[in-house]
Structures are given as structure tokens and as C-alpha cells.
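Worksheet for the structure shown next.
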Amino acid sequence: MTFTTEPILLAIESSCDDTSAAVLKGREVLSNVVQTQLIHENFGGVVPELASREHQQYIVAVVDKALAMANIEKKELDAIAYTRGPGLLGSLLVGASFAKSLALALDIPLIDVNHMQAHILAHFIHDPQKKQPNFPFLSLTVSGGHTQLVKVTDFFDLTLLGETLDDAVGECFDKSAKLLGFDYPGGPQIDKRAQVGNSSAFDFGLPKVDLLNFSFSGLKTGISRVIQKGILSDPHFIEKNCNDLCASIQGAILKILEDKLLKAVQQTGIKEIVLSGGVAANSGLRNRLKELSAIHQLTIHLPPFEYCTDNAAMIGVVGVLKYQNGLVTSDGVSADARYDLTNL
Ligand code: KG4
Ligand code: ZN
């Protein structure tokens with residue numbers, strides 16, 4: 001095996017309902033193909049069995065497309081990175097087996113990547129328009145499956161400061177959206193309507209949670225109660241109040257996130273903040289963080305939209321960093337649905 005400082009790397013992401021492949025040269029993204037599985041829209045959420053079947057169906061075409069778009073042939077690849085976890089086991093196994101077989105056939109190193117680390121380190125993808133975060137920084141990682149506050153001291157030194165005790169923030173967005181009749185995933189719909197609604201119109205109650213942990217299940221119950229009561233007195237309650245409901249739901253979610261983030265800043269003294277994960281696409285959250293940066297003298301890093309939701313480019317950048325640090329995977333490592341940040 002020959003070692004190069006700027007490896008050409010193929011990355012594969014299959015942890016949930018997006019089949020994605022990317023090609024990177026060093027930290028520069030040459031291609032990033034994301035095939036979102038639309039089948040789940042019919043069920044109002046991700047169906048694990050269908051997700052793994054869809055990954056199997058898409059993966060070859062998605063990888064071929066990523067290589068073609070990057071104008072790279074398989075024999076030019078220096079390494080392959082894949083998502084080891086956390087995620088849905090059946091889905092992870094599709095990406096892991098594909099990556100393993102290809103690495104074996106090409107006789108190149110295989111690199112396993114933690115999905116949550118990748119959401120955070122997506123900020124280190126080469127982008128001449130964007131300033132990279134300085135260590136140490138705090139990451140508020142908000143996605144469909146996770147809500148975490150992480151202290152990042154180095155690429156491979158991440159400490160979990162707090163996380164959700166029940167639902168993830170994206171799940172709260174999506175479940176609330178479902179109550180309002182929106183298709184899955186409804187987070188972006190709430191975001192859009194919240195922009196023209198009144199965030200003080202409805203009060204759902206806010207949770208009291210210790211330390212730097214989060215909880216969203218109580219809020220979801222509060223939202224459901226307000227909607228049920230509203231419909232009892234007026235069958236057109238949702239239609240008439242949709243924008244205000246969306247703004248109030250989003251306002252409550254942002255308040256929970258903001259309070260914990262500011263608490264983490266206070267506890268750690270770290271004022272460099274990174275927003276990561278699918279919900280980082282939320283315009284209200286992005287705007288609120290910009291306001292907070294002015295009030296509390298924080299430096300805020302917002303990820304480009306294409307690297308917020310699940311994508312293989314973020315897996316690729318961690319793969320490149322691991323490759324450059326000699327952290328390639330032994331043959332035995334496979335998918336791990338509960339792979340957490342403490343065992344990197
Ligand atoms: O990171 P991601 O692609 O998947 C996981 O790893 O979980 O995040 C997907 C989540 C979904 O819950 C989706 O509704 C949410 O991100 N999301 C948003 C927005 N865009 C995506 N939530 C609120 N506002 C948005 N603009
Ligand atoms: Zn994710």
C-alpha cells in the first residue's frame with residue numbers, strides 16, 4: 001500500500017433513509033450524490049425493513065454516479081470510508097458490506113466512521129468561502145435521530161456533554177408536523193410556515209431537564225393536547241391557525257436548544273459554536289444563533305445546507321482525516337447501531 005497525504009477516497013453513508021456516496025481528494029469534495037428514499041413518505045416515518053431494501057437497490061447506482069461525477073475510476077481510489085454507526089442496523093449493514101467488499105477487491109484500506117462525528121466534522125470540508133472552527137469548540141448536533149451537545153477538543157477527541165433523554169429534535173419537528181397533516185419529514189414545512197406565523201400564539205409548556213440533557217417528548221404531548229382541544233371547538237382549527245401553530249412549535253423547540261447551549265457556554269467557557277445535523281438547515285435556528293452571537297459574543301459556524309442532512313461527503317472528510325492519521329480499520333469492524341462518541 002502506498003500512502004499519500006491527499007488521498008482519493010470513496011465514502012458511503014447508509015445509516016438511515018438516504019443512500020449516499022461521495023468522492024473526495026483530500027478534504028475537497030469532488031462529488032456527493034444523495035438518493036433520498038421517498039417510499040417512507042407513505043408511512044409517516046422511516047420503516048427500517050424498507051430502508052435496508054432500498055439501500056440495496058440504490059447503492060451500486062449511487063456509487064457509480066459519484067465516481068462518474070468526480071471523473072475518478074475505481075483503480076484510482078486510495079481508500080474507502082463507510083458509516084459504522086449509529087443508525088439502523090439493517091441499513092448500516094448494506095453500506096458496510098458494500099464498502100468492505102470493494103476495499104477487499106481493490107486491496108485498499110477501509111475506514112469506519114462515526115455518523116455523529118461526521119455531522120460535526122462536516123465543517124472541515126474544504127470550502128474557500130467558509131472559516132473553519134478553532135478548537136476547542138462546542139457542537140450543537142441536531143438531527144432526526146439525535147440531539148447532542150459535544151465538546152470538541154480535536155478531530156478525534158469529542159466529549160458528550162448532554163443529549164436527549166427521549167425524542168430527538170428532528171423527530172419532534174416531524175411528529176408535530178404529522179399532527180398538522182404534513183408529509184414526512186415535515187421539519188422543513190414547519191420551518192417555512194413559521195416564518196409567517198406568530199411564535200407567541202400558543203403555549204405548550206416547556207420541560208425541566210437536569211444538566212445539559214434535553215427532552216422533547218413532553219413538548220410533543222403538549223402540542224398534541226393543544227391541537228386536540230382546538231379541533232374539538234373548531235374542526236377547521238388547524239387550517240385557520242397553521243402558521244401560528246408552526247411558529248409556536250418552532251419557537252418552543254428553539255427555546256429548549258438555546259437554553260442548553262447557553263448553559264454549556266457558561267459551564268465550559270467555550271464561545272466557539274458549531275451547528276451540525278439535519279435540523280441545522282432550520283432557518284429560525286440559524287437566525288437565532290446569529291442573534292445570540294451578537295448578544296453573548298459567540299463565534300457561530302453554520303454548515304452549508306448540502307452538508308446539514310445526511311450525506312457521504314461528511315463521512316468522507318472524517319475518512320480522510322483518519323487516513324492521514326493512520327486510523328484505518330481492521331477487517332473485523334462492521335456496522336454498530338449504537339456506536340457512540342465515547343468509543344471513537
Ligand atoms: O441529519 P439528518 O438528515 O438525519 C439524521 O441523521 O437523523 O436529519 C433529518 C432531520 C429530519 O427530522 C428533518 O425534518 C429535519 O432534519 N430537518 C429540518 C429542516 N430540514 C431538515 N427540521 C426543521 N427545519 C428544517 N429546515
Ligand atoms: Zn444524520
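The values are calculated or read from the model by the stated rules, or taken from the named source; none is laboratory data. This one's a predicted model, so the numbers in the text were calculated from it and none came from an experiment. Glycine gets a Cβ as well: all are built from the backbone with ideal geometry, and neighbour counts include every protein chain shown. In case anyone asks, the SASA skips ligands and DNA or RNA and just uses the protein heavy atoms, side chains included. Shrake-Rupley method; radii C 1.70, N 1.55, O 1.52, S 1.80 Å.
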Item to check | Hits in region 1-33 - residues which are under 22 Å from Ser334 (Cα atoms), in contact with a strand residue (DSSP E or B) (Cβ under 9 Å, 6 or more places away or on another chain) and within 16 Å of ligand 2 (Cβ to nearest atom) | outcome: Ala11, Ile12, Glu13, Ser14, Ser15, Asp17, Asp18, Thr19, Ser20, Ala21, Ala22
Next on the checklist: Show the residue pairs meeting these rules: Cβ distance below 7 Å; 6+ apart or different chains; first residue within region 233-255 and outside the structural domain of Ser283 (by TED's automatic domain parsing) and within 14 Å of Ala194 (Cα to Cα); second residue among the basic types (Lys, Arg) and open to solvent by less than 20 Å² (accessible area, probe 1.4 Å).
Outcome noted: none
Checklist entry - Any idea which of Leu257, Leu292, Leu285, Leu261 is within 16 Å of ligand 2 (Cβ to nearest atom) and farther than 30 Å from Leu10 by Cα? => result Leu285
Checklist outcome for this item: Residues of region 3-24 being in contact (Cβ under 8 Å) with a residue 40 or more places away in the chain, away from ligand 1 (no atom under 14 Å from the Cβ) and open to solvent by 10 Å² or more (accessible area, probe 1.4 Å), in sequence order, are Thr4, Thr5, Ile8
Checklist entry - Take the residues of region 187-220 that are at pLDDT below 95 and not aliphatic (A, V, I, L, M): which is surrounded by the most Cβ atoms within 10 Å (Cβ to Cβ)? => result Lys220
Checklist entry - If a residue has to be open to solvent by less than 40 Å² (accessible area, probe 1.4 Å) and either under 26 Å from Lys271 (Cα atoms) or away from ligand 2 (no atom under 16 Å from the Cβ) (or both) to count, how many in region 301-314 make the cut? => result 7
Item to check | Subset of region 253-292 (residues that are part of a helix (DSSP H, G or I), surrounded by 15 or more Cβ atoms within 10 Å (Cβ to Cβ) and among the small types (Gly, Ala, Ser)) | outcome: Ala264, Gly278, Ala280, Ala281, Gly284
Checklist outcome for this item: Of the candidates Ala21, Ala61, the one satisfying the condition of being modelled with pLDDT of 95 or more and either part of a strand (DSSP E or B) or basic (Lys, Arg) (or both) is Ala21
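Return a yes/no flag: does region 195-214 have any residue that is outside any loop (DSSP other than H, G, I, E, B) and either farther than 25 Å from Leu121 by Cα or free of Cβ contacts under 8 Å to residues at least 60 places away in the same chain (or both).
Here is the first cut: in region 195-214, the ones outside any loop (DSSP other than H, G, I, E, B) are 214.
If we keep only those that are either farther than 25 Å from Leu121 by Cα or free of Cβ contacts under 8 Å to residues at least 60 places away in the same chain (or both) too, we end up with none.
Within region 195-214, not a single residue is outside any loop (DSSP other than H, G, I, E, B) and either farther than 25 Å from Leu121 by Cα or free of Cβ contacts under 8 Å to residues at least 60 places away in the same chain (or both).
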Checklist entry - Using beta carbons and a limit of 7 Å, which pairs, at least six apart or on different chains, have the first residue in region 103-131 and without any contact (Cβ under 8 Å) to a residue 60 or more places away in the chain and the second one of a type in the set (Gly, Ala, Ser) and within 16 Å of ligand 1 (Cβ to nearest atom)? => result none
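Can you find even one residue in region 39-57 that is at pLDDT 95 or above and either crowded, with 18+ Cβ neighbours inside 10 Å or more than 16 Å from ligand 2 (Cβ to nearest atom) (or both)? Write out each step before concluding.
Taking region 39-57 first, the residues at pLDDT 95 or above are none.
Taking every residue of region 39-57 in turn, none turns out to be at pLDDT 95 or above and either crowded, with 18+ Cβ neighbours inside 10 Å or more than 16 Å from ligand 2 (Cβ to nearest atom) (or both).
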